[in-house]
1. Rounded to the nearest Å, what's the spacing between the alpha carbon centres of region 596-629 and region 831-858? Just the number, please.
2. Skip the ligands, DNA and RNA, and give the accessible area per residue of region 260-375 with a 1.4 Å probe, whole Å².
3. Which value, to two decimals, describes the C-alpha radius of gyration of region 540-652 once divided by 2.2 N^0.38 Å?
4. May I ask you to give the solvent-accessible area per residue for region 466-523, in square angstrom, as obtained with a 1.4 angstrom probe?
5. I need the calculated FRET efficiency for the pair Val264 and Leu220, taking r as the beta carbon distance and R₀ as 22 Å, to the nearest 0.05.
6. Which value in nm describes the separation of the simple spin-label points at Glu851 and Ser465, placed 7 Å from the Cα toward the beta carbon?
7. Just grab the label-to-label distance for Leu551 and Ser475, each label 7 Å out from Cα along the Cβ direction, in nm (one decimal).
8. Just to be sure I understand the curve: with the Debye formula and one point per C-alpha of region 57-189, what is log10 I(q)/I(0) at q = 0.09 Å⁻¹?
Amino acid sequence: MRALYVASMITNGLHAIAALPSAAFPLAADIHGFDIADPMVVFALALAVVLTVPLIFERLKLPGLVGLILAGIALGPYAANLIPGDSLVQPLGAAGLLYLMFLVGLEIDMQRFSRERRDSVIFGLWTFLIPQILGTLGAVYFLDLSWPASILMASMFASHTLVPYPIIQRLGLVKERVVTTTAGGTVLTDTLALLVLAVVAESTRAGGLTGIFWVRQGVLFTLYVGAIVWITPRLSRWFFSYIGNVEGVPGFLFVLSLAYGCAVLAPLAGLEPIIGTFLAGLALNLLIPEQSRLMIRLRFVGEALFIPFFLLSVGLRVDVRLLAGSPKAWMVMLYMVAAGYVTKFLAAYISGKMLRFSRNETGILFGLSVNQAAATLAAVMVGVELEIFSPAVLNGTILMILATCLLGPWVTERYGRRLALQADGRQLDSSGAPERIMIPISAANQIEPLMALSMMLRQPRSGESLYPTMIAPESDEPDAAVAATEKVLADATLQAVEAEVPVHPIVRLSDNMVEEILGSSRDLRISTLVLDDRLSFPSEFEHVPTRLIELGRHMVFRFINPGPLNTCRRILVAVPPLMERQAGFPAAWNALQRLVSQAGVSLHVLAEQATLQAMERRQFLKPNTPHVERTTLAHWSRMPLDIQKEYQDNDICVVFLARTGQLAWKPAHARLPNLMKRLLGKRPCLAIYPPEMKWEKDTDAVVQSPSVQFQSLFPASQTFLDMAEPSVSEAVQRIIESVFPDATQARRRLLNDLDSMAREAALRIAPECLLLHTHKAVPPAPMVLLATRKEGFVEDALPDSQNPPPRAIILLLGIPEESPEEHLRRLAAISAMFHVEGWLDNVCRARSYEELVALLGATAS
């Protein structure tokens, strides 16, 4: 309501201004030698408006871009005439619209867009068909327009421009499903609307349509889109590889030239330039990571200059004096505004229902798609030029643009804030230590690749800093040593600041780099180390990265061969046997998925068949997932040769490795980094070491964060709450049959072992908690399983008169390949966990896994 009130007040004010005689505004004249029409004066005034107006409107709780549109109306040629209609603001505004569509294509989550292209097609068709059909019928029967004029007018309702997109950027929602759906649907509906424009225009000029027109249009469209999709990425990879400094000025100018070059060529294919820049953004999407300095610079230039000038130029086109037209003109204008609102709302509402969007997501869908600007202006100008439209339609178009561009940003801001708060709540729901990344550095040439990798691994909205770290050796002149180290770290700090990523550089004086890094990481609660294999220190005779990996328990990303990530097209991932069963593997796999998403690349997993099947069962790999390929290795020992054979240009090799003594560890793991370096030469290669969970080394640590450790030990798929089976043996049988669905000999042996233990050697780790354990299980073990029953289970052995019936059963299933120490560590961790006061009561009280985690979190606090 505040937006409509302010809009009505300003409109009334402008109407009054417009009624004054033109002599009241001698603004284009030379006043005491000061020429207000001078281009530099106009440019300075426009910059002042771009700076101040959004700040004022945000104080009024209104979107700043609404203020820019209204400022354009107030200062434009049809009101105060401070900014003439033919000033440089108009060409800058046209460039700003193209830049906006380029950023939309550049920022789309291509992984999600590929997965959810069906959503974009559904919304794109609804948001085109509903306005096109209803708008055409209304214009024919309500406004008494001809069929060609009605069809062309309806195409103006069908198209839309993502005017509120800067709000989405500011709220950090560009990766949300609804935004991806809207952006993809925008391309479809705008393309169809502009095709309608081309068809109506050709029909009017030629007196009809011929088969030659359709063939020519189809061929030109196919050639144009094919050229952008095929040539642009290859040309960009060559250029980025050739100049080396992708993040610098040459890279920025190359990207800009490519975008506007595609826009210039679009009319040759019968398309509007906005489609060309959008397609250019899509083609470059996978080459410019979201957290790269180049992307930050592109956003900055757009948000500071091009996009504000576009919004200002929209206001300059509005002639409020036309509001005093005839009743027929008012009827046309009101119809166009109402049709624009109603048809776009219906399309958003129906699409939201079909796609199961929430109320907030549907609101964003409507707020983004109701705005009319670019394609609408193109259509009405063509209609006026061909004398299809009367001046009343032109007036109605301007009013519709004003009305929709006022409502759209307000709706987007309102529902976008709510969705952003929900998204923040989902992210903050993660219990456990913060994800903090430390980047140890020993030389300046290690900074660029390590910082680029770290910014991709960082959670985008976590608020956590990056910690670039350098250790200076003790010397007689400590101040000089620290100053030299800080000078090297300055580049890392600058790189993070330019990408708007918080950074906390660390400098230490010590003669023991490994000890100092591990100590600092403990003090700062670091979760991840990002290392260059060339990391070294004068007093360290052993390989520093190897010592940090073996002595620490962090997740480690070890760059064996550093290389650029923005030119990467595919990540080859090698997963050794049993790696998927390590407790820290889910965290490492999630980090890899984040890297894949940020880099916009495909994934190719290489592993033995048993490992691939286990990853599918545990849902690390899902069937028929796009951009994920699988290669079955005959044997892990041949992995380096298979990787070498599979490796292509613009690939990055990633190998998961285990620390000494871990479940997936093999002696060959220690030799693999050097072997990969020798086989791949200078091609990029990365090793990932999953974190060691606290219970793997320190059972006392379980009590410090019980709910976190519970979820590590007992994921939802391994937890069976409030079972119906009354006896221990029946419950155990159901659990094992659920986890091991195939009726194999191994499953029968496992059931026999557990049944025998339940009768003769069950452990009471708490008065009402029974534990059965074996180290003779088969994959997908090792694992821990939990079952509960509020009434308690009937024991198969003689009842223990000193203890009540067990309400919880724990099955600890080990495998022969793991060491006895590892099995006993899990046993000790479980025992410590279930001795926490109130723990067992909450476990047995929960009816769902989500409720269980919430209850345990309350117990921990």
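The values are calculated or read from the model by the stated rules, or taken from the named source; none is laboratory data. Here the structure is a predicted model, which means the values were calculated and not measured. All Cβ positions, glycine included, derive from the backbone under ideal geometry; neighbour counts span all protein chains shown. SASA here: full protein model, heavy atoms, side chains in, ligands and nucleic acids out. Shrake-Rupley method; radii C 1.70, N 1.55, O 1.52, S 1.80 Å.
1. 33
2. 34
3. Here the Cα radius of gyration is 1.12 times the empirical estimate.
4. Solvent-accessible surface per residue comes out at 50 Å².
5. 0.90
6. Each label point lies 7 Å from its Cα, and together they span 4.3 nm.
7. Using points 7 Å along Cα→Cβ, the separation is 2.3 nm.
8. -0.39
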